[in-house]
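Q: Please find one structure pasted underneath; my questions will follow.
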Amino acid sequence: MNETRPLVQAPPEEAGEGKPPATGLDQLYHTPLFQIPRSTSNLLRPDIERFLEYSRIFYNAEWYTNNGPVARMLERRLAEFHQVEHCLVFSSGFWAIALAMKHLARDGRDEVIMPSLTYRRMADIAAWVPLKPHYCEVDPTTLAMTPDAVEASITDRTALILGVHPIVNCADAAALEAVAEKHGIPILFDSVESVFETSGNARVGGFGAAECFSLHACKLINGFGGGYLTSNDADLVRTLASQRNFGFTGPDEIGTPGGLNAKLNEIHAAMALASLDGLKDQVALNRVRYEAYATLLADLDGIDLVAFDENQTPGYKNIVAKVTEAWPYTCAETIERLNAENILARAYYAPPLHLKSAHIPHVAHGLTGTETLAEMYMNLPCGQRVSVADIEEIVGFLRSLKDSADQAHGHPEATP
């Protein structure tokens, strides 16, 4: 394959996990399909002139951090985009979620309800607060938390509900809100993968006490890194604005104890604004890639694409596929074969959090559905460094795997 693009390294914590391409002696006898790895990260590079234009604002103002003009502009733009009253930007999505969890959790209680089939470090965030994860099941079709699963997990120790949207589509945010309100428990949404979506008739961003998002380079809005929180709760926003700035409420005046440095600096804000300017164009290109996968996988028995719900105005960023019983390999075996070709597919949140080796106290009751689902789904390469031609080769390789297995078992319908 002819390659003209520079090597782009996918962020290891977000897109480079899983078995790496063949190494050592194996490389002498195997040339991978792709010289440059194709990852599951978005890796958007916004227009450089827009980025420089925003950067000149803080540079000319000589204001590089501490709630500067570009960070405040980004907050206004994001609040408008999500149709909410307030937005706060943070140095990372971790601190947006962690600080919100810390200040929303009900006093005297120590459990937070969340799915086990979710972000690989979510239990660590809860442990920092500190709260104990109480894991619930997800719907076997949508992979989203359900109101029934959440309600069944509520006890007199429940301090908070963390409503997590799956990688593709959204949970029923209004229904989860209703369960939280019924039991008098705050609900916070992890909406990292749902920036562009709606849930019901409302834009994601205004549900629950607050919603949290990421500005990591692998996400829809690339701020080099960072995160943000949206809310209509002025008191919560005032508290968290202080907490991200060492707890200051005025010059040399500390408000709520426990503040830390979680501010987003100006150059990150400039990058995020440049990304936000091109968001609709980016989503249109994402849709082209998604439709290419949908067309090419339609007749490949054993690999089922998880479809986007067109009623939720999707951003089409992530490509998730289910490996069914008709496929000749397990999901793990398929990922291993793909990775050897520099097709950096990865498991969809496997192992689930309650089975990870990290010794974080948690509550998990009979999550057999989650354990089964974790062995069935994988993320396929997507994002701005993956072309339709790349997708044709990726699906072509999957097709060759199927044909080879069929031939080995003497199936006459196999393609020679």
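The values are calculated or read from the model by the stated rules, or taken from the named source; none is laboratory data. Model, not experiment: these values are computed from the prediction. Positions of Cβ are generated from backbone atoms using ideal geometry, with glycine treated the same way; all protein chains shown enter the neighbour counts. Heavy atoms of the whole protein, side chains included, go into the accessibility calculation; ligands, DNA and RNA do not. Shrake-Rupley method; radii C 1.70, N 1.55, O 1.52, S 1.80 Å.
Q: For segment 105-120, enumerate the residues that are crowded, with 23+ Cβ neighbours inside 10 Å and small (G, A, S).
A: Across segment 105-120, the qualifying residue is only S116.
Here is a yes/no grid of residues against (1) modelled with pLDDT under 95; (2) in contact with a helix residue (DSSP H, G or I) (Cβ under 6 Å, 6 or more places away or on another chain):
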position: N201; (1), (2): yes, no
position: V204; (1), (2): no, no
position: E211; (1), (2): no, no
position: L215; (1), (2): no, yes
position: D235; (1), (2): no, no
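Q: Same structure, new question: So T256 fits all but one of (1) at pLDDT below 90; (2) closer than 20 Å to E85 by Cα; (3) not hydrophobic (A, V, I, L, M, F, W, C); what number is the exception?
A: Among (1) at pLDDT below 90; (2) closer than 20 Å to E85 by Cα; (3) not hydrophobic (A, V, I, L, M, F, W, C), the lone unmet condition for T256 is (2).
Q: Being crowded, with 20+ Cβ neighbours inside 10 Å and under 24 Å from I267 (Cβ atoms): is that true of A210 here?
A: No: the conditions fail for A210.
Q: Considering only segment 326-381, state which residues are under 16 Å from S39 (Cα atoms), part of a loop (DSSP other than H, G, I, E, B) and open to solvent by 10 Å² or more (accessible area, probe 1.4 Å).
A: Result: E341, N342, L344, Y349.
Q: Yes or no: segment 139-147 includes at least one residue that is assigned to a strand (DSSP E or B), within 20 Å of V283 (Cα to Cα) and not acidic (D, E).
A: There is no residue in segment 139-147 that is assigned to a strand (DSSP E or B), within 20 Å of V283 (Cα to Cα) and not acidic (D, E).
Q: Can you pull out the strands (runs of 3 or more DSSP E) entirely within segment 150-224 that have at least 2 residues that are within 22 Å of F308 (Cβ to Cβ) and in contact with a Cys (Cβ under 8 Å, 6 or more places away or on another chain)?
A: 187-190
Q: Now for a different question. Y228 fails exactly one of the following numbered conditions: (1) in contact with a Phe, Trp or Tyr (Cβ under 6 Å, 6 or more places away or on another chain); (2) assigned to a helix (DSSP H, G or I); (3) open to solvent by less than 30 Å² (accessible area, probe 1.4 Å). What is the number of that condition?
A: Unmet condition: (2).
Q: Separate question: Can you tell me which residues in segment 250-268 are part of a helix (DSSP H, G or I) and either in contact with a Pro (Cβ under 9 Å, 6 or more places away or on another chain) or open to solvent by 80 Å² or more (accessible area, probe 1.4 Å) (or both)?
A: E266
Per-residue answers, yes or no, for (1) free of Cβ contacts under 8 Å to residues at least 24 places away in the same chain; (2) in contact with a Ser or Thr (Cβ under 8 Å, 6 or more places away or on another chain):
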{"position": "G278", "(1), (2)": "no, no"}
{"position": "V283", "(1), (2)": "no, no"}
{"position": "V288", "(1), (2)": "no, no"}
{"position": "T295", "(1), (2)": "yes, no"}
{"position": "A298", "(1), (2)": "yes, no"}
{"position": "G302", "(1), (2)": "no, yes"}
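Q: Those residues that are crowded, with 19+ Cβ neighbours inside 10 Å and in a loop (DSSP other than H, G, I, E, B), I need them from segment 231-249; list them, please.
A: Listed by number, the list holds a single entry, R244.
Q: Considering every residue within segment 76-92, establish whether at least one is of a type outside the set (S, T, N, Q) and closer than 30 Å to A347 by Cβ.
A: Yes, some residue in segment 76-92 is of a type outside the set (S, T, N, Q) and closer than 30 Å to A347 by Cβ.
Q: Something else now. Of the conditions (1) surrounded by fewer than 21 Cβ atoms within 10 Å (Cβ to Cβ); (2) farther than 18 Å from L188 by Cβ, A217 satisfies every one except a single condition; which number is it?
A: (1)
Q: Can you name every residue in segment 150-169 that is of a type in the set (G, A, S) and out of contact with any helix residue (DSSP H, G or I) (no Cβ under 9 Å at 6 or more places or on another chain)?
A: Listed by number, the residues that qualify are A152, S153.
Q: Out of all the residues in segment 165-176, is one or more surrounded by fewer than 19 Cβ atoms within 10 Å (Cβ to Cβ), touching a strand residue (DSSP E or B) at 6+ places or on another chain (Cβ under 6 Å) and not acidic (D, E)?
A: Checked against the condition, which is being surrounded by fewer than 19 Cβ atoms within 10 Å (Cβ to Cβ), touching a strand residue (DSSP E or B) at 6+ places or on another chain (Cβ under 6 Å) and not acidic (D, E), segment 165-176 yields no hits at all.
Q: Failed condition for T198, given (1) under 28 Å from R385 (Cα atoms); (2) buried (at least 19 other Cβ atoms within 10 Å of the Cβ), with all others met?
A: (2)
Q: Hey, could you check segment 186-198 for residues that are in contact with a strand residue (DSSP E or B) (Cβ under 9 Å, 6 or more places away or on another chain) and of a type in the set (S, T, N, Q) and say which is nearest to L176 (Cα to Cα)?
A: S191
Q: Still on this structure: Which residues, taken from segment 62-104, are within 16 Å of G259 (Cβ to Cβ), open to solvent by 40 Å² or more (accessible area, probe 1.4 Å) and in a loop (DSSP other than H, G, I, E, B)?
A: Correct list: T65, N66, N67, S91.
Q: Report, by residue number, each residue of segment 302-358 that is over 17 Å from the mean Cα position of the chain (by Cα) and basic (K, R).
A: Scanning segment 302-358 gives K322, R337, K356.
Q: Would it be correct to say that R385 is closer than 27 Å to L43 by Cα, of a type in the set (K, R), touching a residue at least 12 places away in the same chain (Cβ under 8 Å) and assigned to a loop (DSSP other than H, G, I, E, B)?
A: yes
Q: Keeping to segment 66-80, report how many residues are closer than 16 Å to G223 by Cα and out of contact with any strand residue (DSSP E or B) (no Cβ under 7 Å at 6 or more places or on another chain).
A: 8
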